[in-house]
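One structure is given here, and the rest of the page talks about it.
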Amino acid sequence: SRPAPSQVVPPFRALTPPLASFAPPFRPLAPPLTRVSSPLPHSRPSHGTASLELADASQDGTSAEGGGRERRRLRTPVSTVRTSASLSSHPGAGPVWNLGRLNHVAVAVPDLEKARAFYKNVLGAEVGEPVPLPEHGVSVVFVNLGNTKMELLHPLGSDSPIAGFLKKNKAGGMHHVCIEVDNINVAVMDLKEKKIRILSEEAKIGAHGKPVIFLHPSDCGGVLVELEQA
Ligand SMILES: C[C@@H](C(=O)O)C(=O)SCCNC(=O)CCNC(=O)[C@H](O)C(C)(C)COP(=O)(O)OP(=O)(O)OC[C@H]1O[C@@H](n2cnc3c(N)ncnc32)[C@H](O)[C@@H]1OP(=O)(O)O
């Protein structure tokens, strides 16, 4: 007796590999949903701005790592899924940068030791030692939360940028959020073009030894935003 047709059909096997096999070899800092700038054209030399800005980024010694990552990323297969037709419909196409993880939430505190003791003894958190950062006009204590950190901030020196904040908020309060970016130089150029005020002439080395910039709270929905090179 012949088997029923359903029995002779071999088990279904997809002809095309799962989409994930086309994924680029690097691990992006965040899902592509957070893309904040138009994609680069597939053929970079024809796009003067992109080439120039990437060259700038790679020349900046403070973020050599970030510049390298950007160049690697541009060579990934991701760009092959964008047709030149779709790209040419983006007249403002420019270099790409991506937001990454929340690095920390910073809280300005009037008494650093008291705040440190609260997180350590009352909440049972893992807290670091106070670290003076004269370049930033603050002393900081990091509280490790596993998936992110809190940064306790206390003014240091006579012209601390958080002095005004603590004057208005005597008990202290949430001061800023710090989000990682994969290329801070490209982010700076892009945000300047978008008329977002950056609160320093150039990136400074932040609490983790990496370049950081701050964005004016009035341009960010009332939240002071720090971007840190991942
Ligand atoms: C070590 C490093 C790291 O983590 O790596 C750090 O954290 S350093 C952390 C400390 N460094 C920084 O914060 C650097 C960037 N910050 C700054 O440049 C400054 O703090 C400003 C954000 C420009 C604020 O300066 P200042 O208080 O003197 O100005 P201001 O009183 O005129 O404020 C201008 C407007 O911004 C608002 N404003 C001020 N500070 C704010 C804050 N933290 N969050 C949200 N809004 C804020 C004010 O209410 C005001 O709004 P209205 O106009 O509506 O009244």
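I'd like the full set of residues that are outside any helix (DSSP H, G or I) and of a type in the set (S, T, N, Q), limited to segment 95-124.
Taking segment 95-124 first, the residues outside any helix (DSSP H, G or I) are 95-111, 123-124.
Once the filter is applied, which keeps residues that are outside any helix (DSSP H, G or I) and of a type in the set (S, T, N, Q), segment 95-124 yields Asn98, Asn103.
Return the pair list, or none, for Cβ contacts closer than 6 Å from residues in segment 125-146 that are in a strand (DSSP E or B) to residues that are within 13 Å of the ligand (Cβ to nearest atom) and basic (Lys, Arg), at least 6 apart or on different chains. If the second residue must be within 13 Å of the ligand (Cβ to nearest atom) and basic (Lys, Arg), the pairs left are Phe142/Lys149.
Is it the case, given these coordinates, that Ala187 is of a type in the set (A, V, I, L, M) and touching a Pro at 6+ places or on another chain (Cβ under 9 Å)? When the stated conditions are applied, Ala187 does not pass them. So, Arg116, is that one modelled with pLDDT under 95 and open to solvent by less than 60 Å² (accessible area, probe 1.4 Å) or not? For Arg116, the condition - modelled with pLDDT under 95 and open to solvent by less than 60 Å² (accessible area, probe 1.4 Å) - is not met.
Restricting attention to segment 147-162, report how many residues are open to solvent by less than 30 Å² (accessible area, probe 1.4 Å), of a type outside the set (A, V, I, L, M, F, W, C) and either within 10 Å of the ligand (Cβ to nearest atom) or outside any loop (DSSP other than H, G, I, E, B) (or both). Outline the logic, then answer.
To start, the set of residues in segment 147-162 that are open to solvent by less than 30 Å² (accessible area, probe 1.4 Å) comprises 148, 151-153, 160, 162.
Retained after the next criterion (residues that are of a type outside the set (A, V, I, L, M, F, W, C)): 148, 151, 160.
After this cut, where a residue has to be either within 10 Å of the ligand (Cβ to nearest atom) or outside any loop (DSSP other than H, G, I, E, B) (or both) as well, the list is 151, 160.
Here the count works out to 2.
Among the criteria (1) within 9 Å of the ligand (Cβ to nearest atom); (2) within 25 Å of Asn98 (Cα to Cα); (3) buried (at least 21 other Cβ atoms within 10 Å of the Cβ), the one Ile184 does not fulfil is (1). Taken as a whole, the structure places Gly221 among residues that are within 11 Å of the ligand (Cβ to nearest atom) and assigned to a loop (DSSP other than H, G, I, E, B). Looking only at segment 188-230, residues that are among the acidic types (Asp, Glu), open to solvent by less than 50 Å² (accessible area, probe 1.4 Å) and more than 16 Å from the chain's Cα centre (by Cα) come to 1 in all.
Of all residues in segment 209-218 being out of contact with any helix residue (DSSP H, G or I) (no Cβ under 9 Å at 6 or more places or on another chain) and either under 18 Å from Ser139 (Cβ atoms) or among the aliphatic types (A, V, I, L, M) (or both), which is farthest from the ligand (Cβ to nearest atom)? Reasoning before the result, please.
Initial filter on segment 209-218 (out of contact with any helix residue (DSSP H, G or I) (no Cβ under 9 Å at 6 or more places or on another chain)): 209, 214, 216-218.
If we keep only those that are either under 18 Å from Ser139 (Cβ atoms) or among the aliphatic types (A, V, I, L, M) (or both) too, we end up with 209, 214.
Values: Gly209: 9, Phe214: 4 Å.
Here the residue is Gly209.
Those residues that are part of a loop (DSSP other than H, G, I, E, B) and more than 9 Å from the ligand (Cβ to nearest atom), I need them from segment 190-208; list them, please. Steps first, please.
So the first thing to find is which residues in segment 190-208 are part of a loop (DSSP other than H, G, I, E, B), and the list is 194-197, 199-203, 206-208.
Matches in segment 190-208: Lys194, Lys195, Ile196, Glu201, Glu202, Ala203.
The values are calculated or read from the model by the stated rules, or taken from the named source; none is laboratory data. Bear in mind the structure is a predicted one, so any value in this text is a computation, not a measurement. Positions of Cβ are generated from backbone atoms using ideal geometry, with glycine treated the same way; all protein chains shown enter the neighbour counts. To get the accessible areas, we keep the full protein, side chains included, count just its heavy atoms, and leave off ligands, DNA and RNA. Shrake-Rupley method; radii C 1.70, N 1.55, O 1.52, S 1.80 Å.
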